[in-house]
């Protein structure tokens, strides 16, 4: 398989609704497998077809604890219950994260790569990822769900404090944040 270029905001394809797949053929399976490779290469946990320029209702998801990716065709959120605030990012908006509203749990339905209809109820990270990717297929971005526009922020390349941050921390603990609470600009 191969990796595909990921479209970034403000590419117009990201705002278009994807088309329902009428028949699962080799080209759709190849697209899905290429999407899995692309998601792995980019370090994501989910990817929708319109993020790679294809307006078909295909998503791929792989939770951190799972060994294999899930491939879903014509996915639907059948029911969504409750509201919770969660942090999200997106491969189409690299370098940013935001606080968004998502459901507490969802009921999901799709066709998998073996043409089996799957239906399940889920919560936590899986429900969040499924909602995020199905939103993409409907031309909706996670930035549309921001709690407030101030809740979108740039993340640094490094996840750990820099040497300069560590020097400040070791110097005067009373006036500085601890490493676990360093603010991301």
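Collect the residues in the stretch 2-22 that are under 17 Å from the mean Cα position of the chain (by Cα) and surrounded by fewer than 10 Cβ atoms within 10 Å (Cβ to Cβ), keeping them in residue-number order.
Selection gives 5 alone.
Filter the stretch 18-38 for residues that are in contact with a helix residue (DSSP H, G or I) (Cβ under 7 Å, 6 or more places away or on another chain) and in a loop (DSSP other than H, G, I, E, B); which is farthest from residue 135 (Cα to Cα)?
First, the residues of the stretch 18-38 that are in contact with a helix residue (DSSP H, G or I) (Cβ under 7 Å, 6 or more places away or on another chain): 18, 21, 31, 35, 38.
Subsequent filtering for residues that are in a loop (DSSP other than H, G, I, E, B) retains 18, 21.
Numbers: 18: 10, 21: 17 Å.
The extreme case among them is 21.
Can you spot a residue in the stretch 105-127 that is on the phi < 0 side of the Ramachandran plot, surrounded by 13 or more Cβ atoms within 10 Å (Cβ to Cβ), part of a strand (DSSP E or B) and modelled with pLDDT under 95?
no
Looking at the stretch 55-74, which of its residues are closer than 17 Å to residue 17 by Cβ and either in contact with a helix residue (DSSP H, G or I) (Cβ under 6 Å, 6 or more places away or on another chain) or part of a strand (DSSP E or B) (or both)? Steps first, please.
Of the residues in the stretch 55-74, the ones closer than 17 Å to residue 17 by Cβ are 55-59, 72-74.
Matches in the stretch 55-74: 56, 57, 58, 59, 72, 73, 74.
Of the conditions (1) modelled with pLDDT of 95 or more; (2) over 18 Å from residue 7 (Cα atoms); (3) not in a strand (DSSP E or B), residue 77 clears all except one; give me its number.
(3)
If I ask for residues that are out of contact with any helix residue (DSSP H, G or I) (no Cβ under 7 Å at 6 or more places or on another chain) and either touching a residue at least 60 places away in the same chain (Cβ under 8 Å) or assigned to a helix (DSSP H, G or I) (or both), which ones from the stretch 7-16 would you list? Reasoning before the result, please.
To start, the set of residues in the stretch 7-16 that are out of contact with any helix residue (DSSP H, G or I) (no Cβ under 7 Å at 6 or more places or on another chain) comprises 8-12, 15.
Within the stretch 7-16, 8, 9, 11, 12, 15 qualify.
Looking at (1) more than 15 Å from residue 136 (Cβ to Cβ); (2) touching a strand residue (DSSP E or B) at 6+ places or on another chain (Cβ under 9 Å); (3) surrounded by fewer than 18 Cβ atoms within 10 Å (Cβ to Cβ), which is the one condition that is false for residue 62?
Condition not satisfied by residue 62: (3).
Can you name the residue in the stretch 139-155 that is outside any helix (DSSP H, G or I) and farther than 15 Å from residue 103 by Cβ and is also farthest from the chain's Cα centre (by Cα) among such residues? Working first, answer last.
First pass over the stretch 139-155, keeping only residues outside any helix (DSSP H, G or I): 139-141, 146-148, 152-155.
Still in the list and also farther than 15 Å from residue 103 by Cβ: 139, 141, 146, 148, 152-155.
Working: 139: 14, 141: 10, 146: 14, 148: 19, 152: 15, 153: 16, 154: 16, 155: 16 Å.
Filtering first and then ranking leaves 148.
Name the single residue that is surrounded by the fewest Cβ atoms within 10 Å (Cβ to Cβ) among those in the stretch 73-85 being more than 14 Å from residue 123 (Cβ to Cβ) and without any contact (Cβ under 8 Å) to a residue 60 or more places away in the chain.
To start, the set of residues in the stretch 73-85 that are more than 14 Å from residue 123 (Cβ to Cβ) comprises 73-76, 78, 85.
Next, only the ones that are without any contact (Cβ under 8 Å) to a residue 60 or more places away in the chain stay: 73-74, 76, 78.
Values: 73: 21, 74: 19, 76: 16, 78: 10.
By that ranking, first place goes to 78.
Taking the options 179, 161, name whichever one is over 24 Å from residue 50 (Cβ atoms), surrounded by 16 or more Cβ atoms within 10 Å (Cβ to Cβ) and at pLDDT below 95.
Exactly one of 179, 161 is over 24 Å from residue 50 (Cβ atoms), surrounded by 16 or more Cβ atoms within 10 Å (Cβ to Cβ) and at pLDDT below 95, namely 161.
The values are calculated or read from the model by the stated rules, or taken from the named source; none is laboratory data. Note that the structure is predicted; figures quoted are calculated from it, not measured. In this analysis, Cβ positions are derived from the backbone assuming ideal geometry, glycine residues included, and neighbour counts consider all displayed protein chains.
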